[in-house]
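The values are calculated or read from the model by the stated rules, or taken from the named source; none is laboratory data. For clarity, every value in this text was computed on a predicted model and none was experimentally measured. We place every Cβ from the backbone using ideal geometry, glycine too, and count neighbours over all the protein chains shown. With ligands, DNA and RNA removed, areas are computed over all heavy atoms of the protein, side chains included. Shrake-Rupley method; radii C 1.70, N 1.55, O 1.52, S 1.80 Å.
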Amino acid sequence: MRHDNNSDKGSLLSSTLLKWWNSIINWWRSFDPNAMKSHDSLLKNYMKPVGLTTWKQLRDHVKISRSTLHYLRTGQADHLPIHTLKAIAQHLNTDWTKLLQDFSNITFPNLGEQYYQECQRLQEQLDTQAIQLTRQTQEQTFQKITPLLVQYPTLQQVVQQKRPDLPATTVLNLLKSLENLLQDWGIEPIGTPWQNVTFDPELHQPDTEDIYPGEAVYIRFIGYRSPTQILVRAKVSRTLPEL
């Protein structure tokens with residue numbers, strides 16, 4: 001009886017080892033690149049339009065591992081992280097949600113298109129908010145430095161033409177960065193100091209009420225405008241100041 005029990009135990013152990021070995025063989029064969037997988041034909045349909053014909057080309061082109069490719073070929077894309085699915089979808093010219101539906105058991109009708117449209121809407125909203133915030137910041141900053149910006153060009157004109165020996169020359173050189181800032185913001189000056197122009201009430205602020213459109217005037221302090229609006233009008237007069 002004892003001999004029979006040992007024999008039964010030996011048979012059971014051999015059977016268990018055989019099953020274990022067969023499972024390892026089957027698992028290994030599942031990664032055989034030459035073996036046909038359930039979703040190969042579908043994946044080939046995605047690869048063909050982008051000029052990919054072999055699994056190696058797909059792995060090299062998208063830069064994915066053998067195991068990632070295996071999950072696609074066997075319809076287990078739900079095992080992959082979203083960022084990997086997005087990278088694959090981008091190279092295959094499709095949406096990652098559609099890729100997930102085609103290569104897994106996950107289904108969510110119309111979610112792909114809705115998701116895409118929602119992402120587009122949110123992206124456009126963020127872009128608009130960023131532009132509005134930038135403009136708001138520029139306008140607030142401009143308002144704070146407007147007195148300096150208005151008077152600086154005239155002071156520069158005085159120093160350069162009448163009193164180049166003034167210590168203000170050094171200060172003017174430092175203020176040069178203001179011009180660069182305005183250029184970056186797309187803000188342009190209206191006129192130049194002491195420039196003779198035709199009075200335009202939309203662009204110029206007269207120093208007296210009896211100056212009329214079309215009349216010849218001189219710009220004492222320049223103005224500024226952005227691509228969409230007049231920020232500050234140039235201050236004009238019939239005569240130039242005496243220095």
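Worth pointing out:
- Selected residue (criterion: farthest from Leu181 (Cα to Cα)) from residues of the range 200-243 that are among the small types (Gly, Ala, Ser) and in contact with a Leu (Cβ under 8 Å, 6 or more places away or on another chain): Ala234
- If you go through the range 44-79 and keep only what is of a type in the set (D, E, K, R) and crowded, with 16+ Cβ neighbours inside 10 Å, you end up with Arg59, Arg73.
- Lys144 modelled with pLDDT of 85 or more and either basic (Lys, Arg) or open to solvent by 80 Å² or more (accessible area, probe 1.4 Å) (or both): no
- Residue in the range 80-105 that is most open to solvent (accessible area, probe 1.4 Å), counting only those that are β-branched (Val, Ile, Thr) and more than 13 Å from Tyr46 (Cα to Cα): Ile82
- Residue check for Ser41: closer than 16 Å to Leu85 by Cα, surrounded by fewer than 11 Cβ atoms within 10 Å (Cβ to Cβ), modelled with pLDDT of 80 or more and not aromatic (Phe, Trp, Tyr): no
- Residue selection: Gln120 fails the criterion of being in a helix (DSSP H, G or I), open to solvent by 50 Å² or more (accessible area, probe 1.4 Å), at pLDDT 80 or above and not aliphatic (A, V, I, L, M).
- If you filter the range 196-243 down to residues that are assigned to a loop (DSSP other than H, G, I, E, B) and among the hydrophobic types (A, V, I, L, M, F, W, C), you find that the one that is surrounded by the most Cβ atoms within 10 Å (Cβ to Cβ) is Ile222.
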